[in-house]
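K.L.:
Sharing a structure below in structure tokens format, with a few things to ask.
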Amino acid sequence: MKKILITGSSGFIGRNVTKKLAKQNYDITAIIRPETDSNRIQGFADSIRFEEINLARINSLRNFLSNNSFDLIYHIGALRGGRKFSKQDFYTTNVKATEQIIISALKNNTKLIFCSSVGIFGAIPYRLPADNNTKRKADNYYHYTKIQAEKLIQKYVKQGLNAVIVRPSITYGTGDYGFPYTLTKLIDKKLLFLSKQKIKIHLTNIDFLSDVFTQLAKYQISSGRSYIVADAKPVEIHELADFINNEINNTDYPKYKNINRKFFRLGESISRLLGSELWTSRFELISRDWFYKIDDVQNDFDLKLPNTIPAFKIVTNWYKKEDR
């Protein structure tokens, strides 16, 4: 039985990956933060072992890894952008902890699957569609830490590390209160203004992303490979807004909510002046194009890529149960 270690199983992506792994014939250990809410690990709590370790506590993580070995490590745990932590906390959790896991994987000849982010290209990439060769953009500190973590992986790949990097786009599904949920709520409340220009965005369905991760446990992939994971094609944000509003309110989203792009640029400028990475990215994500080249996932995985419309219905159905 293959021994698997997974970090981040109480987070949105990690939770969905762990649920799928727990249904298969694996011996799974999950690292979770001490005092993790039991609701965050429902659905698999009885089928795997848990180790309570804060990834920011490097000595505790190092001691655990030095006394245990695994066939496969999924490193999904991280501090996500927009959270109120110090730069030191972000760096320790997202970079230094990653290096400890890398060192353990190299020592024990363990395959490492690392969850990075398309954020390494910035919230808005330098070129579109962004691909694995697109220049990195550390436009906020979270993105910077992911860039540094990837550099470490590639450094150790040259020393014999067996590692694959997965770069999801913004992910949507049930149980996450991030950008897709916020977008849905603002549309329902008629609080969202959109640019008059057509804007293409590129989201990722959580079920599809989880399938990519679980297939990587079985596939032999060349070490150092990186995969951008997103839906079959970008979606135009006005079309998505109409779809969401029709699912909730049975009508298209009001056209009077479309405003000149210059107001979003003003919002970006003010947010940067105030040092708010979160609000800067919010203005960017709804008023600028961001989409990716996903040929590698299409070619290398036996999966059907979802279309955001109608797959986004998973969010609107959940939203109606939660907020209505």
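The values are calculated or read from the model by the stated rules, or taken from the named source; none is laboratory data. All of these numbers come straight from a predicted model, not from anything done at the bench. Here the Cβ positions follow ideal geometry from the backbone for every residue, glycine too, while neighbour counts run over all protein chains shown.
K.L.:
If you take the residues in region 249-281 that are β-branched (V, I, T) and touching a residue at least 40 places away in the same chain (Cβ under 8 Å), which one is surrounded by the fewest Cβ atoms within 10 Å (Cβ to Cβ)?
P.N.:
Applying the filter and picking the extreme gives I259.
K.L.:
Can you find a residue in region 283-290 that is buried (at least 17 other Cβ atoms within 10 Å of the Cβ), closer than 14 Å to F193 by Cβ, among the polar types (S, T, N, Q) and touching a strand residue (DSSP E or B) at 6+ places or on another chain (Cβ under 6 Å)?
P.N.:
Within region 283-290 (the criterion being buried (at least 17 other Cβ atoms within 10 Å of the Cβ), closer than 14 Å to F193 by Cβ, among the polar types (S, T, N, Q) and touching a strand residue (DSSP E or B) at 6+ places or on another chain (Cβ under 6 Å)), the answer is yes, since at least one residue qualifies.
K.L.:
Which count do you get for residues in region 3-36 that are assigned to a loop (DSSP other than H, G, I, E, B) and more than 21 Å from the chain's Cα centre (by Cα)?
P.N.:
Count: 5.
K.L.:
Given (1) assigned to a loop (DSSP other than H, G, I, E, B); (2) touching an Asp or Glu at 6+ places or on another chain (Cβ under 8 Å), identify the lone condition not met by D231.
P.N.:
The single condition D231 does not satisfy is (2).
K.L.:
So is Y74 among the aromatic types (F, W, Y), in contact (Cβ under 8 Å) with a residue 60 or more places away in the chain and not in a helix (DSSP H, G or I) or not?
P.N.:
It is true that Y74 is among the aromatic types (F, W, Y), in contact (Cβ under 8 Å) with a residue 60 or more places away in the chain and not in a helix (DSSP H, G or I).
K.L.:
For region 161-181, check the following and say yes or no: at least one residue is touching a helix residue (DSSP H, G or I) at 6+ places or on another chain (Cβ under 9 Å), free of Cβ contacts under 8 Å to residues at least 24 places away in the same chain and assigned to a helix (DSSP H, G or I).
P.N.:
no
K.L.:
When residues of region 113-138 are filtered for being touching a residue at least 40 places away in the same chain (Cβ under 8 Å) and surrounded by fewer than 21 Cβ atoms within 10 Å (Cβ to Cβ), how many remain?
P.N.:
Residues in region 113-138 being touching a residue at least 40 places away in the same chain (Cβ under 8 Å) and surrounded by fewer than 21 Cβ atoms within 10 Å (Cβ to Cβ): 5 in total.
K.L.:
Moving on to the next point. Scan region 37-47 residue by residue and report those that are part of a loop (DSSP other than H, G, I, E, B) and polar (S, T, N, Q).
P.N.:
Hits for region 37-47 are Q42, S47.
K.L.:
Here is a further query. Kindly indicate which of S66, S86, S60 is more than 20 Å from the chain's Cα centre (by Cα), surrounded by fewer than 19 Cβ atoms within 10 Å (Cβ to Cβ) and at pLDDT below 95.
P.N.:
Residue meeting the stated conditions: S86.
K.L.:
Name every residue in region 203-218 that is in a loop (DSSP other than H, G, I, E, B), farther than 22 Å from A149 by Cβ and touching a residue at least 60 places away in the same chain (Cβ under 8 Å), in order of residue number.
P.N.:
L203
K.L.:
I've got another one for you. Using the structure shown, decide if N108 is free of Cβ contacts under 8 Å to residues at least 60 places away in the same chain, over 29 Å from R272 (Cα atoms) and not aromatic (F, W, Y).
P.N.:
In short, yes.
K.L.:
Checking the conditions here, which among L106, L65, L55, L61 is part of a helix (DSSP H, G or I) and touching a Gly at 6+ places or on another chain (Cβ under 8 Å)?
P.N.:
L106
K.L.:
Can you tell me which residues in region 55-69 are in contact with a helix residue (DSSP H, G or I) (Cβ under 8 Å, 6 or more places away or on another chain) and either free of Cβ contacts under 8 Å to residues at least 24 places away in the same chain or over 10 Å from I31 (Cα atoms) (or both)?
P.N.:
Of everything in region 55-69, those that are in contact with a helix residue (DSSP H, G or I) (Cβ under 8 Å, 6 or more places away or on another chain) and either free of Cβ contacts under 8 Å to residues at least 24 places away in the same chain or over 10 Å from I31 (Cα atoms) (or both) turn out to be A56, I58, R62, L65, S66, S69.
K.L.:
Related question: Identify, by number, the condition in (1) more than 22 Å from the chain's Cα centre (by Cα); (2) exposed (fewer than 15 other Cβ atoms within 10 Å of the Cβ); (3) of a type outside the set (V, I, T) that Q42 doesn't meet.
P.N.:
Condition (1) is where Q42 drops out.
K.L.:
Could you tell me which numbered condition T93 fails, if it satisfies all but one of (1) closer than 30 Å to R282 by Cβ; (2) polar (S, T, N, Q); (3) surrounded by fewer than 19 Cβ atoms within 10 Å (Cβ to Cβ); (4) modelled with pLDDT of 95 or more?
P.N.:
The failed condition is (3).
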